[in-house]
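Student: Below are the structure tokens for one structure; questions will follow.
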Amino acid sequence: MRREVTLEEISDGRLYEANDMVKADCQDCKGCFDCCTGMGDSVVLDPLDVWRLSQGLHLSPDQLLAGKIELGVTDGNILPHLKMTGADERCIFLDGNGRCSIHSFRPGFCRLFPLGRYYEDGSFKYILQIHECKKTSRSKIKVRKW
């Protein structure tokens, strides 16, 4: 998804490569699910994400579209995204305790968070998103391991 912002507005301003250390590890979230609310239609799914969800939930893509995922327009393309519910736009896959019920087969967007990708010159590097995660006690981890 293309964003019309500067790196300094959304990240710590650094570009990271696979062997760099970055403060991204939330120690398994420890009950926090702030990043799973208020996301609107921004958790866009690629074909592998849809396949993983389909396999993990034992549902066909049509069944996923009937209540778990939605279609939306992103950069002029119709793409699937995770469904958010309620006034706080809570991810459909959060359980009653605020834990991810699909954690083992969650979408790539969720796996990467709070990192994001910055594309340029036919390749990409990683950025650390600073406003989306309120947790301040993150520890350093190698990007490749994340």
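The values are calculated or read from the model by the stated rules, or taken from the named source; none is laboratory data. Note that the structure is a prediction, hence the values are computed from the model and not measured. Cβ coordinates were reconstructed from backbone atoms using ideal geometry, including for glycine residues, and neighbour counts include every protein chain displayed.
Student: Report yes if Ile127 is in contact with an Asp or Glu (Cβ under 6 Å, 6 or more places away or on another chain) and under 18 Å from Leu15 (Cα atoms), otherwise no.
Tutor: no
Student: Among the residues of region 59-74, are any among the small types (Gly, Ala, Ser), over 20 Å from Ile141 (Cα atoms) and surrounded by 16 or more Cβ atoms within 10 Å (Cβ to Cβ)?
Tutor: Scanning region 59-74 turns up no residue that is among the small types (Gly, Ala, Ser), over 20 Å from Ile141 (Cα atoms) and surrounded by 16 or more Cβ atoms within 10 Å (Cβ to Cβ).
Student: Of all the residues that make up region 70-92, how many are of a type in the set (Val, Ile, Thr) and out of contact with any strand residue (DSSP E or B) (no Cβ under 7 Å at 6 or more places or on another chain)?
Tutor: Residues in region 70-92 being of a type in the set (Val, Ile, Thr) and out of contact with any strand residue (DSSP E or B) (no Cβ under 7 Å at 6 or more places or on another chain): 2 in total.
Student: Considering each residue of region 36-58, count those that are in a helix (DSSP H, G or I), surrounded by 15 or more Cβ atoms within 10 Å (Cβ to Cβ) and in contact (Cβ under 8 Å) with a residue 12 or more places away in the chain, and give that number.
Tutor: So the answer is 6.
Student: Check region 118-127 and report whether any residue there is surrounded by 10 or more Cβ atoms within 10 Å (Cβ to Cβ) and in a loop (DSSP other than H, G, I, E, B).
Tutor: no
Student: If Pro107 passes every condition in (1) under 13 Å from the mean Cα position of the chain (by Cα); (2) within 17 Å of Asp20 (Cα to Cα) but one, which one does it miss?
Tutor: Result: Pro107 passes all but (2).
Student: Restricting the search to region 75-90, which residues are surrounded by 14 or more Cβ atoms within 10 Å (Cβ to Cβ) and either assigned to a loop (DSSP other than H, G, I, E, B) or among the small types (Gly, Ala, Ser) (or both)?
Tutor: Lys83, Glu89
Student: Next question. Out of Cys26, Cys35, report the one residue that is of a type outside the set (Ser, Thr, Tyr), in contact with a Ser or Thr (Cβ under 9 Å, 6 or more places away or on another chain) and under 19 Å from Cys100 (Cβ atoms).
Tutor: Only one candidate qualifies: Cys26.
Student: Then there is this: Restricting to region 103-114, and then to whatever is at pLDDT 90 or above and not in a helix (DSSP H, G or I), can you tell me which residue is farthest from Ile10 (Cα to Cα)?
Tutor: Arg106
Student: From the list Lys142, Lys135, exactly one residue is under 23 Å from Lys23 (Cα atoms), in contact (Cβ under 8 Å) with a residue 60 or more places away in the chain and more than 17 Å from the chain's Cα centre (by Cα). Which is it?
Tutor: Lys142
Student: State which residue is farthest from Leu45 (Cα to Cα) when the search covers only region 91-117 and only residues that are exposed (fewer than 11 other Cβ atoms within 10 Å of the Cβ) and polar (S, T, N, Q).
Tutor: Only one residue tops the list, namely Asn97.
Student: May I ask you to list the residues in region 90-111 that are of a type outside the set (Phe, Trp, Tyr) and either touching a Pro at 6+ places or on another chain (Cβ under 7 Å) or within 23 Å of Leu128 (Cβ to Cβ) (or both)?
Tutor: Answer for region 90-111, where residues must be of a type outside the set (Phe, Trp, Tyr) and either touching a Pro at 6+ places or on another chain (Cβ under 7 Å) or within 23 Å of Leu128 (Cβ to Cβ) (or both): Cys91, Cys100, His103, Arg106, Pro107, Gly108, Cys110, Arg111.
Student: Identify the single condition in (1) under 16 Å from the mean Cα position of the chain (by Cα); (2) charged (D, E, K, R); (3) at pLDDT 95 or above that Asp62 does not satisfy, given that it satisfies every other one.
Tutor: (1)
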